[in-house]
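One structure is given here, and the rest of the page talks about it.
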Amino acid sequence: MPIDETLARYSDLSFETAFAVYLLALVLFVAEFAAVRVRRTTPAPVLVPAPAPAPAPEGPGRITEPTRREMSDRLGRMGVSVLVVALILHIGSMVLRGLATARFPWGNMYEFVTVTCAVGVLAGLIVLRRPELRVLWAFALIPVLLLLFVAGTVLYADAAPVVPALQSFWLPIHVSIVSVSSGVFLVSGVASTLFLLALRADERPDSRVGRLMRRLPDARVLDRLAYRTTIFAFPLFGAGVVLGAIWAEAAWGRFWGWDPKETVSFIAWVIYAAYLHARATAGWRETRAAWINIAGFIATLFNLFVINMVVSGLHSYAGLN
């Protein structure tokens, strides 16, 4: 089927615009993070309140300066609004790519990374909707922008039909589930990384990292966020692996052949299973479990980039020249 070049160009333009708007949202969230009040690591002393002075009358032309908390809240709300606009443009680029090629828009690495990042942003909008968690966007958007930059440069592929091996109804089912779980794992990996930084801030509050990271929510809040998002993504990822095996049996006549991508996917699944088990074990909670969760996300990235781009196998459909 011929490719609609006009829709393909609009898709690329929407992607580039979304990237620029994401960058603007990151600037706003970084400004919010800088303006937020520092989290205390020790209880504040109890002081006897002094009588409040009478407020000065506000005459014509008088401007009342907002407090730092009000300013951070305004910046955060603006950041969320800009982020929603960026996500709409992001999804629009995927829809236009699908209409241009008359297929589901995840047939190569460029499209898969684009879908995964969109899911990660959508998951973040859901789990980071509370004002006290909104400052995490200053960190969560960094890997999203890095992945989108790599997708739009190194991994970019022109709109085209997929190879015959991918022309199957299993493509949208299998890849959709894997991309959703990968996007949520991105949020979980960022939360575990910030959890370790928050613990360091509590242990060394006077260090440079400590003073900066005390603006983060409490470490236990970050730990719970990582745990809950992994609980959601883990069964989805497992279902994606199983459905991939079913597709492999239909396409290649075997459920499992220890292809490099199959092997690393299984390793990543085992690592995340180990994280959930460690998180439920008293002696492994906190730092050890967080490091396992980060290892699982690293294995996911290794499976996405190294296995697809370096190692040759049956799943080598990167779409790269």
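Coordinate-derived values only; no laboratory data. In this text the structure is predicted, and so the values were computed from the model without any measurement. With ideal geometry, Cβ positions are generated from the backbone for all residues, glycine too; neighbour counts draw on all protein chains shown.
Values for this structure:
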quantity: 174, 90 arranged by Cβ crowding within 10 Å, fewest neighbours leading; calculated: 174, 90
quantity: Built amide H within the under 5 Å cut-off of residue 104, gap 5+; calculated: none
quantity: Footprinting exposure proxy for 203, 262, 111 (fewest neighbouring C-beta atoms within 10 Å first); calculated: 203, 262, 111
quantity: Diffusion constant of the range 177-229 at 10 °C, which comes from Stokes-Einstein with the Kirkwood Cα-pair radius and 1.306 mPa s, µm²/s; calculated: 139 µm²/s
quantity: Convex hull volume of the range 187-311 per residue (C-alpha atoms, cubic angstrom); calculated: 109 Å³
quantity: Relative packing of peptides 97-105, 184-192 - highest average C-beta neighbours within 10 Å first; calculated: 184-192, 97-105
